[in-house]
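Notes for the one structure printed next.
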Amino acid sequence: MKIRRATLETCHEVDGAVVVVDVLRAYTTAAFAFDRGADEIFLVSTVEEAFELRNQNPDCLLMGEVEGLPIKGFDLPNSPIAVARMDLTSRRLIQRTTAGTQGVVMATKADHLFAASLCVGACTAKCIEALSPEVVTFVETGVRKKGGGDEDVACSDYIAGYLFGRPPKYAHIRNRVLNSRAARKFTGTENSDFPQADLAHALMIDRFDFAMKVERRDDSLVLKSFN
């Protein structure tokens, strides 16, 4: 098995088994939503698409952000601590984020498409292993030309290490995330847009016993949990 890396700028080129990584915070938030009972999550690129899809599916809750900030008219922010306090049993969600959902939307050539964060790392690796792909591509959505994305690279390294039977130690991965550029934002209180609790939730490595896979359904991209 070979490992490739991609960013938002190049993910439209990748095929085969693809893992879109967003630790802070899209796919940590999605994982906590599934833990709280959510049935499925529609992933979209724009705020307008989110509202349009909700008009077609009035039972859905809107969840997401623009540049990390809550969106007026959305039901939930892109925040694992906010989601972790809710009962989402059998609810359907629509998620729009600046990085994470973009990676899924743009990975149009992927045959098998996963969304991942540290809290579903080991299960994601096990699901990929079961597919026995020749190549796995990690789309590290936080990586930009000017730097950043260390938290997503650390997550990719953890899952890749697990695939080869030598995952990095939890403490090493946590330190890399804590020292990332993105982590510097999370110094606020629970009432801020970047609460410290969100960072703490993102650092819960292997917290859940499921992975998250994207299904293509008609014209929609639907995230489901499975193990």
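The values are calculated or read from the model by the stated rules, or taken from the named source; none is laboratory data. All values derive from a computational prediction rather than experimental measurement. No Cβ is skipped: glycine too gets one built from the backbone with ideal geometry, and neighbour counts run over all protein chains shown.
From Asp219, Asp206, grab the single residue that is of a type in the set (D, E, K, R), surrounded by fewer than 20 Cβ atoms within 10 Å (Cβ to Cβ), on the phi > 0 side of the Ramachandran plot and out of contact with any Lys or Arg (no Cβ under 9 Å at 6 or more places or on another chain). Within the list Asp219, Asp206, the selection yields Asp206.
From the list Leu69, Leu131, Leu88, exactly one residue is crowded, with 16+ Cβ neighbours inside 10 Å and either at pLDDT 95 or above or under 17 Å from Thr10 (Cβ atoms) (or both). Which is it?
On the way: Leu69 fails: crowded, with 16+ Cβ neighbours inside 10 Å; Leu131 fails: crowded, with 16+ Cβ neighbours inside 10 Å.
Matching residue, one of Leu69, Leu131, Leu88: Leu88.
If you go through region 136-165 and pick out every residue that is of a type outside the set (Ser, Thr, Tyr), surrounded by 18 or more Cβ atoms within 10 Å (Cβ to Cβ) and within 19 Å of Val104 (Cβ to Cβ), you end up with 12. Scoring Glu140 on the criteria (1) in contact with a Ser or Thr (Cβ under 8 Å, 6 or more places away or on another chain); (2) at positive phi leaves a single failure, condition (2). For Val20, the criteria (1) in contact with a strand residue (DSSP E or B) (Cβ under 9 Å, 6 or more places away or on another chain); (2) surrounded by fewer than 23 Cβ atoms within 10 Å (Cβ to Cβ); (3) among the aliphatic types (A, V, I, L, M) hold in every case but one, which is (2).
So, Pro58, is that one out of contact with any strand residue (DSSP E or B) (no Cβ under 8 Å at 6 or more places or on another chain), more than 26 Å from Ile128 (Cβ to Cβ) and either aromatic (Phe, Trp, Tyr) or modelled with pLDDT of 95 or more (or both) or not?
On the way: out of contact with any strand residue (DSSP E or B) (no Cβ under 8 Å at 6 or more places or on another chain): yes; more than 26 Å from Ile128 (Cβ to Cβ): yes; either aromatic (Phe, Trp, Tyr) or modelled with pLDDT of 95 or more (or both): yes.
Spelling it out, Pro58 is indeed out of contact with any strand residue (DSSP E or B) (no Cβ under 8 Å at 6 or more places or on another chain), more than 26 Å from Ile128 (Cβ to Cβ) and either aromatic (Phe, Trp, Tyr) or modelled with pLDDT of 95 or more (or both).
Please enumerate the residues belonging to region 71-109 that are free of Cβ contacts under 8 Å to residues at least 60 places away in the same chain and closer than 11 Å to Leu61 by Cα. Walk me through it before giving the result.
First pass over region 71-109, keeping only residues free of Cβ contacts under 8 Å to residues at least 60 places away in the same chain: 71-76, 78, 82-83, 85-92, 94, 96, 98.
Within region 71-109, Gly73, Phe74, Asp75, Leu76, Leu88, Arg91, Arg92, Ile94 meet the criteria.
Filter region 101-139 for residues that are over 30 Å from Gly73 (Cβ atoms) and in a strand (DSSP E or B) and give the result. Matches in region 101-139: Ala110, Asp111, His112, Val135, Val136, Thr137, Phe138. Scanning region 181-202 for residues that are buried (at least 19 other Cβ atoms within 10 Å of the Cβ) and part of a loop (DSSP other than H, G, I, E, B) turns up Phe186, Phe194.
Tallying residues that are over 21 Å from Lys2 (Cα atoms), among the small types (Gly, Ala, Ser) and part of a helix (DSSP H, G or I) within region 140-171 yields 1.
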